[in-house]
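See structure below.
Each reported figure results from applying straightforward, stated rules to the coordinates on display, with no laboratory input. Predicted, not measured: the structure shown is a model, and the values here were computed from it. Every residue, glycine among them, receives a Cβ derived from its backbone with ideal geometry; neighbour counts consider all protein chains shown.
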Amino acid sequence: MKDWKKILVSPDTTIREALQIIDSSAMQIALVVDDKERLLGTVTDGDIRRGILKGISLEDLVQRIMNAHPTVAKSYERRDIVLAVMKLKRLNHIPVIEDDGRVIKVETLQDLISVDEKENWVVLMAGGLGSRLRPLTDECPKPLLRVGGKPVLETILENFMEYGFRKFFVSVNYRAEMIKEYFGDGSRWGAEIQYIHENKPLGTAGALSLLPQKPAKPILVMNGDLLTKVNFQQLLDFHLEHQAQATMCVREYTYQIPYGVVKMDKHVLTAIEEKPTERFLVNAGIYVLEPTALDYIPADEYFDMPNLFKTIIKQNGETTVFPIREYWLDIGQMSDFERANGEFCEVFT
């Protein structure tokens, strides 16, 4: 929903003022929030009418009639789950909030059912050897390994299409013909697929120099061996909102040190912390790039995404990070492959 902030009201708003906002927005809802835009309740035309029947004046405060326990969705919840809840409860709109209660958007039933087709390109990196997954990859490229009954790359494709992306470039090298034979031109999925052929490994960014032309809009780039439920619409919105030249998705990685860590002041022992856990944000292999970012990629040379981001930073370009809280799994080795098959039905069906 565009301009959803226009339906935010404070608890001190009168019912009459809220009614005017509801009518003017054509949303039939107002969101009551505190000074930090944390959701306190919702007000609909039906709430107002029920209040009037109880003798509540339109000059009373909106908090007297608001629904203090509305149905909400969390920012990281899957689109299909949110849609199912709305259909079950016959809702036309649902506030989307962060864990702290802050409203970040309002989903509407119409928007969830009809996804606008996007002009942004998606580039999927599918040329790797998959050496750590041998012998599975001796005869099959890693993106075609079946998880949940279908190739990993097919799940990735379908996830992007759920958010309206239709134009794909797939970078291929190892056993390229098998990937091309399976996906073809993409018409089976209602997509348009073209292929970028790496005659030699070019890294996670180098293959972008082989695109047939410079895109007109930001492109999304993703490794072809990832399973994730990232909300690609929110990722693209985040990138555009921050006016970044490049956005990198990151995820939290924790590591427990198996020893007691000592702290000291010169030669004096001041504390011992037993087996502390360190937390880091690490590269998740999903990116959004402005067309101008491609200018930094050398032609036909090995060039990784971290190098591209370092180059942009060195040139004082704007780079941002988008933290992933949704499901994410890099199928890098056999244990990951086994885990993916064990979790697929729960996460993707």
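For the range 1-112, the share of DSSP beta bridges that are antiparallel, to the nearest 5, is 75%. Between residue 69 and residue 262, the simple label model (points 7 Å from Cα in the Cβ direction) yields a spacing of 5.6 nm. Placing dummy labels 7 Å off each Cα toward the beta-carbon, the span from residue 180 to residue 274 is 6.1 nm.
Amide H contacts for residue 321 (H built 1.01 Å from N in the peptide plane; partners 5 or more residues away or on another chain; cut-off under 5 Å): 248. Beta-bridge orientation, the chain: approximately 60 percent antiparallel, per DSSP, counting only bridges with both partners inside. Put simply, the range 246-336 fits an ellipsoid with semi-axes of 36, 19, 13 Å; these come from the alpha carbon gyration tensor as the roots of five times its eigenvalues, largest first. Overall, the chain carries a charge dipole of about 360 debye about its Cα centre when +1 sits on the Cβ of Lys and Arg and -1 on the Cβ of Asp and Glu, all other atoms neutral.
Across the range 118-348, Cα pairs under 8 Å and at least six residues apart give a relative contact order of 25 percent. For the chain, the mean residue ellipticity at 222 nm estimated from helices alone is -7500 deg cm²/dmol, where every DSSP H run of n ≥ 4 contributes -39500 (n - 2.57) and the total is divided by all residues, rounded to the nearest 500. Residues whose amide H comes within less than 5 Å of that of residue 32, counting only those at least five positions distant or on another chain, are 9, 40, 41, 42, 43 (H built at 1.01 Å from N in the peptide plane).
Please give the length that would be gained between residue 20 and residue 189 if that part of the chain were fully extended, namely 0.36 nm times their separation in residues minus their C-alpha to C-alpha distance (nm, one decimal).
So the extension gain works out to 56.4 nm.
Cut-off 10 angstrom, C-alpha nodes, Gaussian network model of the chain. Which of 224, 128, 51 fluctuates the most? Answer for the Gaussian network model of the chain: 51. Pulled fully out, how much extra length does the chain show between residue 213 and residue 109, if you take 0.36 nm times their separation in residues and subtract their Cα-Cα distance? Gain on stretching residue 213 to residue 109: 33.8 nm.
Taking the longest Cα principal axis of the chain as reference, the axis of helix 152-162 is set at about 30 degrees. For the range 233-239, putting each phi into the Karplus relation 6.51 cos²θ - 1.76 cosθ + 1.60 with θ = phi - 60° gives couplings of 5, 5, 4, 5, 4, 4, 4 Hz, in residue order, rounded to whole numbers and with x for Gly and Pro. Axis of helix 79-89 versus longest Cα principal axis of the chain: the two differ by about 30°, to the nearest ten degrees.
Which label marks the calculated value of percent of Cα pairs over 40 Å apart, given the options (i) 7; (ii) 14; (iii) 28? Here percent of Cα pairs over 40 Å apart agrees with entry (iii). The relative contact order of the range 1-62 comes to 38 percent, based on Cα pairs under 8 Å that sit 6 or more residues apart. As a calculated quantity, the FRET efficiency between residue 12 and residue 326 at R0 = 35 Å, using C-beta atoms, amounts to about 0.45. Please work out the FRET efficiency for the pair residue 119 and residue 300, using the Cβ-Cβ distance as r and a Förster radius of 45 Å; give the result to the nearest 0.05. Result of the calculation: an efficiency of 0.95.
Near residue 13, the amide H atoms lying under 5 Å from its own belong to 62; only residues 5 or more places off or on other chains count, and H is placed 1.01 Å from N. Against the chain, whose longest principal axis comes from its Cα atoms, helix 15-25 is set at around 40 degrees.
In a reduced charge model with +1 at each Lys and Arg Cβ and -1 at each Asp and Glu Cβ, the range 263-349 shows a dipole moment near 460 debye about its Cα centre.
Between residue 53 and residue 255, the contour length at 0.36 nm per residue exceeds the alpha carbon distance by 66.8 nm.
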